[in-house]
1. Criterion first (β-branched (Val, Ile, Thr) and in contact (Cβ under 8 Å) with a residue 40 or more places away in the chain) does residue 149 satisfy it?
2. Inspect the range 734-745 for any residue being within 22 Å of residue 646 (Cβ to Cβ), in the same structural domain as residue 658 (by TED's automatic domain parsing) and surrounded by fewer than 19 Cβ atoms within 10 Å (Cβ to Cβ) and give the result as yes or no.
3. Sort out which residues of the range 752-801 are in a loop (DSSP other than H, G, I, E, B) and either of a type in the set (D, E, K, R) or touching a residue at least 40 places away in the same chain (Cβ under 8 Å) (or both), and write them in order of number.
4. In the range 402-416, is there at least one residue being in contact with a Gly (Cβ under 8 Å, 6 or more places away or on another chain), at pLDDT below 85, not in a loop (DSSP other than H, G, I, E, B) and not assigned by TED's automatic domain parsing to the domain that holds residue 513?
5. Being more than 14 Å from residue 846 (Cβ to Cβ) and within 26 Å of the chain's Cα centre (by Cα) is the filter here; which residues of the range 804-814 pass it?
Amino acid sequence: MSSHRSSEDSQWPLPDEPEVKPESKQKKGLMAKLKSGWDSLGLDTPTILLMMNFQADAVASKFTTVGYLMAIISVLGFSIQPRAKFIQMMVLDVLAVCVASAVTLLMMYSCIKARQHTEVVPSVGTSIVNTPYNPSASAVSGVWLFFQIYVVHSFRAKFQQFQFPVIIYSIVANVTFSYAPRMTTMTAAISMVTKLLEACLVGLAIATGVCLFIYPVTSRTVVFKQMAGYVGCLRGALQAHTVYFESLEESDMFGRAETYDSKVEKITKDGKVYSPEAQAIRTAVQKITEIHGKLHGDLTFAKREVAFGNLGPDDLQAIFRNLRQVMIPVVGLSFTVDLFQRLSEYNKWNTPIDPTATDIPDLVRHRVVQEWNDIMRAVHDPFKSMIQAIDEGLQHVSFVLKLAKPPKKTATAANGETSSSGVEDVEASAVPSPGDKNFAAHLEQRLRDFKVAKRIALRTWSEEKGIKLPKDFFDRPTDDMEDISYGDPFIGRERSQRQLYLFLYMEQLLSSTGQMVLEFVKFADDKRESGKLSRRHIIIPGWKRLRKWATSLLKAEDTHEDDNIGDINAQNNILQLGEAYKHRKDPEHLRPETTFQKIGDKVRLIPAMFRTQESAYGFRVACATMTIAIVGLLHDTQSFFIKQRFIWAMIMVNLSMTPTSGQSIFGFVLRILGTVMAMVLSFLSWYIPGKQTPGIIVFFFIFLTCVFYVPIKLFRFRAIGIITIITSSMIIGYELQVRKVGEQVATSNGQTYYPIYLLAPYRLATVTGGIAVAFFWTFFPYPISEHSVLRQSLGASLYLLANYYSLIHETVSARVRGEAGDMALKTSAGRRLLKSRNQVFSKQMLMLNNLRTYSEFLKWEVPIGGRFPKKQYDSIIACIENIVSYLSLLGYASDTLLQIGDDEESNSAWLHDFKRLVASAGVTTHEITSVLCLLSASITDRRPLPPYLKTPRPYSFTKRLEAMDKDILSLKHIAEPGFATFAVLQISTRCIGGDVERLMKDVKKLVGELDFSFHAVSTMQSAKSSAEVSRYSRATERNKLE
């Protein structure tokens, strides 16, 4: 359970929870605190229950020396997960324990046979402690351990859902390995493995009981809370826009008023400084993208869950679809900040002031700022009213779908407000409020009012420009009018045109947001009228979903935070990017034709498998494990290995080396600090209650509750938190076990008994040794650095971007050509493109969240060599985010073009001509797809870019259309609904071109460019002088032009 989920929890009862009547605000706050406290207390209940359980004589006599393993396994059972995720993981955990028991029995059988075949004097009947050393048995045991660790950890790297099951498997394998060389009979071996198997299964059973019965959390509950949080984030973004639009009525939107000084643009180490209003929008939008990616991952499990509630799996999917439809225009609206910044850069209004320059640019800027102030003042009331209507619509959805609880209506509000004279206020009571049945009609009327306000704003803009619009301009066909000029030549036609497009952009996206919220409101009302929200029933997923769930257990699929152990320098989300990304065509072999060739092709799969990154990771973990295990295989150190509990150093290797982690000094130090903290907590738990068992359990319970804050709230530190919990459980659990079963039984397995003041430091030493070995094998023989993981993730994100652009290109082309088909049919081209588009978009949101978090943690790393180019990486991440959002707007605008054909205000002849010209002009181009793929391959493989690579020129969309028909974008058509849609297309395409160009420059700075030019000296030596010559020549050319 991550911090996102905790922050998004709604305090109101959800469809899957019993309703509780609220009392007062103070009581709600108290109950919320108690509930939060109980959440924390319930998290580590398995460990404490097992400790209490182990005090029973029956349990202690049953498990003797391995009893404390139950607490360790219960922690790894991770009962804090939602029910559907937990059940899936529990199935895999049980499978891992059973397979581990079977394979370790085979290992012990091999060791026993090796001993029998090489011993001169049979050692049957001797105890484990007194069994003589046998090199053959030790060698066989070592080979089996290496083989098991290599295979399971390669499997773990391939299938991310096996993170915790593989660790549990490794614990069983490591524990049995340490005793396998000393086993003399299969009876003893079976007895030991059976005891281990039962201990593990009991630990998992207790974890299951806690998850299902002690404050159970369902995946549906999590999803409903995230949906409530999603709506809250959308509302927060809209309110931030209201404040920002109000600030535009007085301030300079191009900077230097609050965020710039008199000379240069303000830039800090975190990037550009924005005004508080603009920064609030950026923060709100980032929260929306984060929760969108998280909800996409959790929704899959919620749809597969058996539950007792109101809404079924298809309803959950429909709600998510509506949320996404609202999100796209809201995020697009937030780019108003970005567009003003781009205009400022385009006009060079924030470059250092040149004292020799004329004052004309400042005069133009002052005039443009004044015009924007006037425009925003003119649209203040319509914009504010529209945002308020959208906000109320989102509130209505929350109330109807029970994502939030509506406030109690007062007696006067329920019966009609009364004035001071006692007369009923009929008008006030007639206005529907969110949650009322006739609210949809009220919202629809507000949207129509906004269209009227748009006309007033356009007339105001025209008057500011000196453009004379006829009085009946909005009431008669545009074909009967003469062309209208763009007014004041001082400002310029193109500048006025850009200003018009930006205003129409804001108006269109605000109107589109309202339209999407209206559809969402109607959807919620339909669910209420159908009776689904008033009755609860058992919800069972269909056979198709259950079958997909079963097959997904053994498939490499997208994973999210809860599937991973979590680490500072690990990827939160592992995304499958498709066959084309991983599997490349073999340039050295043609397709096999004969039977012999086909057999040879299968044989080639074996070396190909060993060549994979998954195999390399498994090999590293196996080598790291054997670095410690070799001590237990040698004659002189085998007894020392068992007595000093080196086995836990081996287990820490498996815990510390995660498939997606890189070499990190900071992570290594934190792991050491975690083990030190475990030792300190063990001492406090033991000595504060005066070594009394009940007091020890209580204090240990309290301390574990505090430590569990780390895995729950701080995902990046989850591995450190788990190491602390497991190490402290080993220390306290072992000491309580010895106290119960006696020192004689505790030392029967060959381990020396130590009191806690010696055991804790020894545990610290062995655990630290294991972590150090894991750290060493992370960068030997070559380092897997945290920077390389970020670079590869960035390359994958660029690949996803190319994929998304290609899908948008095909979508826009199909819609403009009329080949999208019926969207209601799953087999239609438009429907399949939409599904693929949504999947790639959600993957990209997850990837961007991961990249941002990863980049933030780099500030804690100790650089070896030159500094990491964080600025370029952050710039690339920002460009990718911008392009994704503008591409979403492109798809959204093309969708709108299809819908406005039936609009009664639309001129069908103009719209028909406009669609025809858009189809022939081409909104998108596959040249950008090619460039993005090239950038992805270059940064992933660390290859320089080819020379003379150019990005496609920014779309001259307006000029192309005017060249085909100069009347198509005349001002007499500005009232057309399609004209505003064109403004969105024009701005989006222009910004995409600019961002791709910036993207290529940043990538070129990172990987360089191939240089085939002739140099009298080496290329490296002449690079600086060439750059200086290039700069000088460009400056000369610029002076000539001026």
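1. For residue 149, the condition - β-branched (Val, Ile, Thr) and in contact (Cβ under 8 Å) with a residue 40 or more places away in the chain - is met.
2. yes
3. Across the range 752-801, the qualifying residues are 752, 783, 784.
4. No, the range 402-416 has no match at all.
5. Correct list: 805, 806, 807, 808, 809, 811.
For (1) closer than 24 Å to residue 758 by Cβ; (2) among the aromatic types (Phe, Trp, Tyr); (3) in a loop (DSSP other than H, G, I, E, B), each residue gets a yes or a no:
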{"site": "636", "(1), (2), (3)": "yes, no, yes"}
{"site": "639", "(1), (2), (3)": "yes, no, no"}
{"site": "653", "(1), (2), (3)": "yes, no, no"}
{"site": "667", "(1), (2), (3)": "no, no, no"}
{"site": "677", "(1), (2), (3)": "yes, no, no"}
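Residue by residue, here is whether (1) of a type in the set (Phe, Trp, Tyr); (2) out of contact with any helix residue (DSSP H, G or I) (no Cβ under 9 Å at 6 or more places or on another chain); (3) at pLDDT below 95 holds:
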site: 98; (1), (2), (3): no, no, no
site: 105; (1), (2), (3): no, no, no
site: 128; (1), (2), (3): no, no, yes
site: 169; (1), (2), (3): yes, no, no
site: 176; (1), (2), (3): no, no, yes
site: 192; (1), (2), (3): no, no, yes
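Yes or no, residue by residue, for (1) at pLDDT 90 or above; (2) of a type in the set (Gly, Ala, Ser); (3) surrounded by fewer than 23 Cβ atoms within 10 Å (Cβ to Cβ); (4) outside any helix (DSSP H, G or I):
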residue	(1), (2), (3), (4)
618	yes, yes, no, no
621	yes, no, no, no
628	yes, no, no, no
642	no, no, yes, no
671	no, no, no, no
680	yes, no, yes, no
710	no, no, yes, no
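The values are calculated or read from the model by the stated rules, or taken from the named source; none is laboratory data. Keep in mind that what you see is a predicted model, and the values were worked out from it rather than measured. Positions of Cβ are backbone-derived with ideal geometry, glycine not excepted, and every protein chain shown enters the neighbour counts.
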